[in-house]
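Notes to accompany the following structure.
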Amino acid sequence: MKNSALLLYFFVVMLYSSCAQNTDKGINLPSKTDFTAKLVVEQVQNPWGLVFLPDGSALITEKAGKILLFKNGSTKEVTNLPKVYVRGQGGLLDIELHPNYAKNGWIYLSYSSDQGEGKGGNTAIMRAKLQQNRLVDKQLLYKAGPNTTKGQHFGSRLEFDGKGYLYFSIGDRGNRGVNPQDITKDGGKIYRIHDDGSIPKDNPFVNSSRAKTAIFSYGHRNPQGLTMHPETGELWEHEHGPRGGDEINILEKGKNYGWPVITYGINYSGTKITDETSKEGMEQPVYQWTPSIAPCGMAFVSSNKYPDWKGNLLVGSLAFQYLERLVLKNNKVIYREKLLDGMGRVRNVRQAPDGFIYVGIEGKGIYRLEPK
């Protein structure tokens, strides 16, 4: 039975990877945007995070523990970084600018750190300023605990909303039986803090006994996509499921997104995690991928450079090595298309201030999608 189940699963994977998919019958929304992918930053091994500075330069995080400053066609390493605990999926992860960066110069980092209680590491959030090619004024804003030597599920994305709040994700750190559903523990959560690390007074669990008061939502597995909808201001998230059950969610304050009590995925061995895909008091995803695409990076298209993509959602696939374009209607996915198919593991996707889409592909670098 196990062999038959595995054969069936791999058949579904092959069928899925062979074509883009309509999710509603009778809908045909092929991309009308013809583009070329131009390699603009070469030889980046794992381009986890990417932000663009006001002068047109860019900062790129390398998971192995580097920040690259790309300016005028060349790269320099940024120095005086925090100590990074590199293990498994952990390392130097996301990077984001303060909405008022031009005035205050704050840069935000998520990374795995061995500071704090216990052996190993856990996700940390820091802010700093860039002076030439050196980080200064480093301030640790949040450190999840306790540390663990497990190498999986650090998260971690950063995103500011339009109100000055900073959101960040931390995965369940491989402890699904405890962390995601327990608001007194870090892991398997989306967090919300002020730009200086202080806790908003209206966070959902500020008055709950022993709760981690930075928590915004819980019941997550390993969120590696976080972005604000450019029109509605809603916070969208995606996360890795196990074997199947990768999710897209619209996040709301205090809500429980179910992991691992409900899931559309199964264990990597093929055994069940749970019989339940829904339960009262737990949120349903906007969309779920089965088989898993291993989503990483996430951006809405609002640029006039891609008129046929406006309002679409772009998500990188690590497992199938492509960029997915999702067409939405009333917060439902009605069409999916593969872009950059087979080019490599897509780690990140960002829309830059110049309106172009930039895509980070492991082992290759940063590509710009240039409409013809």
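Every number in this text was worked out from the coordinates using simple rules, so none of it is lab data. Given the structure is predicted, the values throughout are model-derived calculations rather than measurements. Every residue, glycine as well, gets a Cβ built from its backbone with ideal geometry; the counts of neighbours run over all protein chains shown.
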Next on the checklist: Based on Cα coordinates alone, diagonalise the gyration tensor for the chain, multiply each eigenvalue by 5, take square roots, and list the semi-axes in whole Å, largest first.
Outcome noted: 29, 27, 20
Next on the checklist: Quick check: net charge around Leu166, other residues with Cβ under 10 Å of its Cβ, Lys/Arg +1 and Asp/Glu -1?
Outcome noted: -3
Item to check | Paramagnetic reach from Asp55 (point 7 Å along Cα→Cβ, amide N under 17 Å) across the stretch 64-91 | outcome: 68-79
Next on the checklist: Give me the percent relative contact order of the chain, please, defined on Cα pairs under 8 angstrom at least 6 residues apart.
Outcome noted: 15 percent
Checklist outcome for this item: Cα-Cα longer than 27 Å, checked against Lys63/Lys272; Lys71/Lys364; Lys129/Lys163; Lys38/Lys143; Lys119/Lys364, kept in input order, equals Lys63/Lys272; Lys38/Lys143; Lys119/Lys364
Checklist outcome for this item: In this structure, the FRET efficiency calculated for Asp137 and Ser209 from their beta-carbon separation, with R0 = 30 Å, to the nearest 0.05, is 0.30
Next on the checklist: Projecting each Cα onto the charge dipole of the stretch 310-372 (Lys/Arg +1, Asp/Glu -1 at the beta carbon, about the Cα centre), which of Gly316, Asn330, Pro371 comes out farthest on the positive side?
Outcome noted: Asn330
Checklist outcome for this item: A convex hull over the alpha carbons of the stretch 62-199 yields, per residue, a volume in Å³ of 111 Å³
Item to check | For Gly254, net neighbour charge (Lys/Arg +1, Asp/Glu -1) across residues whose Cβ lies under 11 Å away | outcome: 0
Next on the checklist: Using 0.36 nm times the number of residues separating Lys279 and Lys103, minus their current alpha carbon distance, what extension gain do you get?
Outcome noted: 58.7 nm
Item to check | Length released on extending from Asn80 to Tyr165, taking residue separation times 0.36 nm less the Cα-Cα span | outcome: 28.0 nm
Item to check | Paramagnetic reach from Gln152 in the stretch 168-200 [backbone N under 17 Å; point 7 Å along Cα→Cβ] | outcome: 170-181, 187-189
Next on the checklist: Over the chain, with a Gaussian network built from C-alpha contacts below 10 Å, which listed residue (Tyr101, Tyr167, Tyr111) shows the highest mean-square fluctuation?
Outcome noted: Tyr101
Checklist entry - Label points 7 Å out from Cα along the Cβ direction at Val40 and Tyr268: separation in nm? => result 3.5 nm
Checklist entry - Could you list log10 I(q)/I(0) for the stretch 90-131 at q = 0.22 Å⁻¹, which the Debye formula gives when each Cα is one point scatterer? => result -0.71
Next on the checklist: Looking at the chain, identify the longest residue range that excludes and avoids all GluC sites (Glu not before Pro) in DSSP loops having at most 10 other Cβ atoms within 10 Å.
Outcome noted: 1-116
